[in-house]
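Contents: one structure, followed by commentary.
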Amino acid sequence: FGGSVLAWSITFFTIFSLLLYFNLDFIARSELILAGIMVLFMASIMLFGAPHVSLDNLAGFNPIYSFLPYGVIFFAFVGASAIPEMRAELKREPKKLMNAILLGSGSVILLYSLFALVIVGVTGVNTTEVSTIGLGNIIGNELLILGNLFAFFSMSSSFLILGLALKWMFRYDYGLSWPVSWVLTWIVPLVIFLKSSSSFVSVMGVTGAVAGGIEGILLVLTAWYAKKKTERKPEYSIPLNGFLALILIAVFVAGIAYQFLF
């Protein structure tokens, strides 16, 4: 459509920041539509890309670099912030929460794995940071357009669901008013975006390994404390002993250290 990347980024940010002002029902309906469109685009990309997959492109895998994308992969799979919203949506059927989490997580793992397999199978060492760009460069403009639309809906979905979780945190955990919570939700990321010169993958890597690692540690400690101090029957319970808790925390700490060291 023309125009600068910065102008389009600010336009996107403005529109979806305004959408965050509305309530859960509006965002839940929007999220359902966006998620459905995103899965449709992802399936279409895999369908068109599959005939172009070359096993030679997959043969370059080196196990030495298995942990290189740790932060990026963790970033892609972090979804704990969606659980309070899932609980709100399932308030009449709370016992379905565990199955919803397992089904949602499993579906995402399967889709991401197949998508990554097709992308790398087609582009190999020419895989780009925004993978659909490299895919379009090899297969054609039609797939480039399809890939960019997928990226748009993917960012839109993440923006809304994570933005809503952050707004709720400011409101319910810190007791701020709704208008102030809404402003804080979008003003800080906007400033970081305008000031940052890091690459797309670098930002995702640090965010996933560091922020995701800290969140993981806090979740383990929260679960451990809740098991000892709970005053209500939870929707579901998971086995968690001291040894397992220490192992999980050690993994998260190691991930944070790895991201900074390597």
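Observations on the model:
- Matching residues in the range 64-99 - criterion: being aromatic (F, W, Y) and surrounded by fewer than 16 Cβ atoms within 10 Å (Cβ to Cβ): Y65, F67, F77
- Answer from F262, F150, F159, F193 - the residue that is closer than 29 Å to I15 by Cβ and open to solvent by 80 Å² or more (accessible area, probe 1.4 Å): F193
- When residues of the range 217-262 are limited to those that are within 30 Å of R92 (Cβ to Cβ) and in contact (Cβ under 8 Å) with a residue 24 or more places away in the chain, the one nearest to the chain's Cα centre (by Cα): L219
- Being out of contact with any strand residue (DSSP E or B) (no Cβ under 9 Å at 6 or more places or on another chain) and open to solvent by 60 Å² or more (accessible area, probe 1.4 Å) holds for only one residue in G49, G36, G3, G106, and it is G3.
- Each residue in the range 190-210 was checked for being in contact (Cβ under 8 Å) with a residue 24 or more places away in the chain and in a helix (DSSP H, G or I), and 11 pass.
- Any chance F61 is in contact (Cβ under 8 Å) with a residue 12 or more places away in the chain and either open to solvent by 80 Å² or more (accessible area, probe 1.4 Å) or not hydroxyl-bearing (S, T, Y) (or both): no
- So A43, is it at pLDDT 80 or above and loosely packed, with under 10 Cβ neighbours inside 10 Å: no
- Taken over the range 113-129, the criterion of being open to solvent by 60 Å² or more (accessible area, probe 1.4 Å) and either over 20 Å from S202 (Cβ atoms) or without any contact (Cβ under 8 Å) to a residue 24 or more places away in the chain (or both) is satisfied by S113, L114, L117, N126.
- Residues in the range 167-188 that are assigned to a helix (DSSP H, G or I) and either without any contact (Cβ under 8 Å) to a residue 40 or more places away in the chain or among the basic types (K, R) (or both): 14 in all.
The values are calculated or read from the model by the stated rules, or taken from the named source; none is laboratory data. This structure is a prediction, so every number in the text was calculated from the model and none was measured. Virtual Cβ from ideal backbone geometry, glycine too; neighbours counted across all protein chains shown. These area figures cover heavy atoms from the full protein model, side chains too; ligands, DNA and RNA do not enter into them. Shrake-Rupley method; radii C 1.70, N 1.55, O 1.52, S 1.80 Å.
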